[in-house]
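The values are calculated or read from the model by the stated rules, or taken from the named source; none is laboratory data. For clarity, every value in this text was computed on a predicted model and none was experimentally measured. Cβ sites come from the backbone with ideal geometry, for glycine too, and all protein chains shown count toward neighbours.
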Amino acid sequence: MQIDNGVEKKYHCFGCDKSWGNGTDISSYGLCIECLAGYINRKKVSKGFDACFGKLNQGDICDFCRYKKFCKEYHRKG
């Protein structure tokens, strides 16, 4: 559920066209968590790192990762 300024909205993924949220459809687009996971893991691999998005509790790796908040959400869904 995404809430912006106290109003729940419906969002659409520009990667796979999936919709989420139960609120007003104002044609807001973004990446769903699954497409975000794929994008981040491809980016990590291209830079020589392991595709670790969605795997938590990896010690120092997770502690300093900028995607930790989203990784936790993806991990919970899995």
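Taking each residue of the range 26-37 that is aromatic (Phe, Trp, Tyr) and looking for partners that are part of a strand (DSSP E or B) with beta-carbon atoms closer than 9 Å, six or more apart or interchain, yields TYR29/TYR11; TYR29/HIS12; TYR29/CYS13. Checked against (1) farther than 22 Å from LYS18 by Cβ; (2) modelled with pLDDT of 90 or more, CYS65 passes all but condition (2). Within the range 45-56, identify whether any single residue is modelled with pLDDT of 90 or more, not polar (S, T, N, Q) and not in a loop (DSSP other than H, G, I, E, B), and answer yes or no. Among the residues of the range 45-56, at least one is modelled with pLDDT of 90 or more, not polar (S, T, N, Q) and not in a loop (DSSP other than H, G, I, E, B), which makes the answer yes.
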